[in-house]
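First comes the structure, then the notes that go with it.
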Amino acid sequence: MLIFRSEIRGTRVVEIDELVARGARGPAGRPVLFLRDAGEAEVALHSPVFDRGRLARSFGGNGILFSDGAHWKERRRIIQPAFPPREPDFHLQDVTWAVPGLVSRFAAAAESDESVGVVEETVRFTTRVLYRGVFGQDLPSDHDRVGVILDFFDSIGGVLSSTIFPRLRLDGRTMAEVRRAAEAMEEEVNRLVEVRRNSDFTSDRVDALGEIVEALDAKDDVRGIHDEVRSLLVAGAETTSNTLGFLLLMLAGHPEVGDRLHEEIVAAPDGDSPFMDAVIFETLRLFPPVWFQTREALESIEIGETPLEKDDLVFVATALIHRDPAIWEEPDAFRPERFLPGPDGPWRPPHRYAFFPFGGGRHLCIGRHLAMHELQRSIRALAGRFRFEIESDVEVAAELGVVLKPARDVRVRVFERGGDRP
Ligand code: HEM
């Protein structure tokens, strides 16, 4: 499958630097401006002069993740009740339901001395949470949807990359793979929607797919339903899994951090875990799953010193801003301590857009509370019980598509720590 593979040197995702240095081009051939300054990011994410643009829609469909304007507003209005902003714990029960399945797979690996596929297992977990909490249906803990979903993610990542980064070309064989992945995904989305339509899933809570099906069936908008399911899958399954995956790799490479995390979890199994949150934030800083956000100028505008014409594309380069040496001391070091509360209270970013893994402005991530619960609960369970080592014969690598993720073949070995469990 066509996807950019990148060596990770220390924490540095080498290919990001190379892609940025070579530059990117929009569909009309005009150069894309990378925004690497927190102030410029704020302008692009908040100004009405920018919207998500046609490029994103052409490969991702017109669902909530890629649309804008009146269409996006209508879809957000339909989906928002399934993510009530004043109830951050709304999906907590879906997460606690799925965690034991994740743990049992790691425990089985530890016992049998097998390694686990980082991407495969983390996506298996986040897919179960998503299907239950957002699509209103259950999947078993050893479900087989992972391959279809990952192939689909890789294929849209490949199409996007080949459009904007001139170094890549899609050959006939790859296009056939992209088509096959899209067909398999179409089948899965059809199945998912049919199950939800005919479901006797009894829950006192609304789920996003239930809301979507009700609103769009009334308009006979089957395509709209598909766009939303694909949007929610891309937004909700791969992002959190990638953070969890990179975090496990960081723990494997920094055993002292794993030990400190384990101590904190065992000492206060149900209490606050400031160090755990710091480890999550540091992972999101170094490896933001949404490593750039595309925006298109709706009219001419100047940003920084650069004049843009209508239809020009900018990439809000989260991955670069998160390592800006003017903001971050030793930007490439994995140092969770930088996020710990200080004598003056909780950690505060020097600029609202110095650290923004969940985006900002009107498109601020709708699933951020769900994501944080998934990360906190899974890490508490995994790091409280196991330690990890990277499988020695596999190079630690990343892949770059719509999202930044650990390479699919990266595996870790899992060891029971023994002693008390949280
Ligand atoms: C670590 C995990 C996650 C990260 C880093 C993340 C990051 C982001 C970012 C940066 C955006 C803004 C995109 C833009 O401005 O174009 C976004 C939007 C979105 N996210 Fe997340 N996300 C995560 C998890 C989730 C989860 C679990 C869901 C649940 C379904 C979700 C659903 C969405 C949706 C629907 C949008 C579009 C919101 C809109 O435009 O109205 N995300 N996310």
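The values are calculated or read from the model by the stated rules, or taken from the named source; none is laboratory data. Since this is a predicted model, take the numbers as computed values, not measurements. When we count neighbours, we look across all protein chains shown, and the Cβ atoms used for this are built from the backbone with ideal geometry, even at glycine. These area figures cover heavy atoms from the full protein model, side chains too; ligands, DNA and RNA do not enter into them. Shrake-Rupley method; radii C 1.70, N 1.55, O 1.52, S 1.80 Å.
Oblate is the label for segment 360-407, because a/c, from the alpha-carbon gyration tensor with a ≥ b ≥ c as root eigenvalues, is 1.5 or above and a/b does not exceed b/c.
Amide hydrogen proximity for Leu308: with H placed 1.01 Å from N in the peptide plane, the residues at 5 or more positions away or on another chain lying under 5 Å are Ile301, Glu302, Ile303. Positive-end ranking of Gly210, Val229, Phe153 along the dipole of segment 115-266, with charges on Cβ about the Cα centre, is headed by Phe153.
Ranking Val193, Ile280, Asn242 by how far each Cα lies toward the positive end of the dipole of the chain (charges on Cβ) leaves Val193 at the top. Taking every C-alpha pair closer than 8 Å and separated by at least 6 residues, the mean separation divided by the residue count of segment 60-155 gives a relative contact order of 21 percent. Calculated from the alpha-carbon coordinates, segment 207-353 shows an Rg and a Dmax of 20.4, 58 Å respectively. Here Lys219 is the anchor, and the lysines within straight C-alpha reach of less than 21 Å, apart from those fewer than 8 places off in the same chain, are Lys73. Summing Lys and Arg as +1 and Asp and Glu as -1 over all other residues whose Cβ lies under 9 Å from the Cβ of Met185 gives a net charge of -4. Summing charges over all other residues whose Cβ lies under 12 Å from the Cβ of Arg36, with Lys and Arg as +1 and Asp and Glu as -1, gives -3. Here is the result for segment 377-422: no GluC sites (Glu not before Pro) lie in DSSP coil with at most 10 other C-beta atoms within 10 angstrom of their C-beta.
The three principal axes of the Cα atoms in the chain give end-to-end lengths of 62, 55, 48 Å, sorted in falling order.
For Lys310, the aspartates and glutamates whose Cα comes closer than 13 Å to its Cα, not counting residues fewer than 8 places off in the same chain, are Asp51, Glu296, Glu299, Glu302.
Rounded to the nearest 500, the 222 nm mean residue ellipticity of the chain from helices alone is -15500 deg cm²/dmol, with -39,500 (n - 2.57) taken per DSSP H run of at least 4 residues.
Going by average Cβ neighbours within 10 Å, how do the peptides 289-298, 100-109 rank, with the highest at the top?
289-298, 100-109
Over segment 186-328, accessible surface divided per residue gives 40 Å², non-protein components excluded, 1.4 Å probe. Calculated FRET efficiency, Leu340 to Thr96, Cβ-Cβ distance, R0 = 22 Å: about 0.25 to the nearest 0.05.
Surface composition of the chain: carbon and sulfur make up 49 percent of the accessible area, probe 1.4 Å. Using only the Cα atoms of segment 284-365, build the gyration tensor, take square roots of its eigenvalues as a ≥ b ≥ c, and label the shape rounded, prolate or oblate: rounded if a/c is under 1.5, else prolate if a/b is larger than b/c, else oblate. Note, shape of segment 284-365 comes out prolate. Descending by average beta-carbon neighbour count within 10 Å, the peptides 9-18, 264-273 line up as 9-18, 264-273, the highest first. Between the residues Phe90, Gly26, Ala38, the greatest Cα displacement towards the positive end of the dipole of segment 13-110, with unit charges on the Cβ of Lys, Arg, Asp and Glu, is found for Gly26.
Site pair Glu416 and Arg76 shows an inter-label distance of 4.9 nm when each label is modelled 7 Å from Cα along Cα→Cβ. Kirkwood hydrodynamic radius of segment 329-422, from the reciprocal of the average inverse Cα-Cα distance over all distinct pairs: 17.0 Å. Shape of segment 182-265 from the C-alpha gyration tensor: prolate (a/c of 1.5 or more and a/b above b/c, with a ≥ b ≥ c the square roots of its eigenvalues). Surface analysis of segment 1-113 yields an accessible area of 47 Å² per residue, using protein heavy atoms and a 1.4 Å probe.
The listed peptides 209-217, 300-308, 243-251, ordered by packing as a protection proxy, come out as 243-251, 209-217, 300-308 (highest mean of other Cβ atoms within 10 Å first).
If you filter segment 212-260 for trypsin sites (Lys or Arg not before Pro), then keep DSSP loop positions with at most 12 other Cβ within 10 Å, what is left? Taking segment 212-260 and a limit of 12 other Cβ atoms within 10 Å, the loop trypsin sites (Lys or Arg not before Pro) found are Lys219.
In the context of the full set of protein chains, segment 344-422 has a per residue accessible area of 44 Å² (1.4 Å probe).
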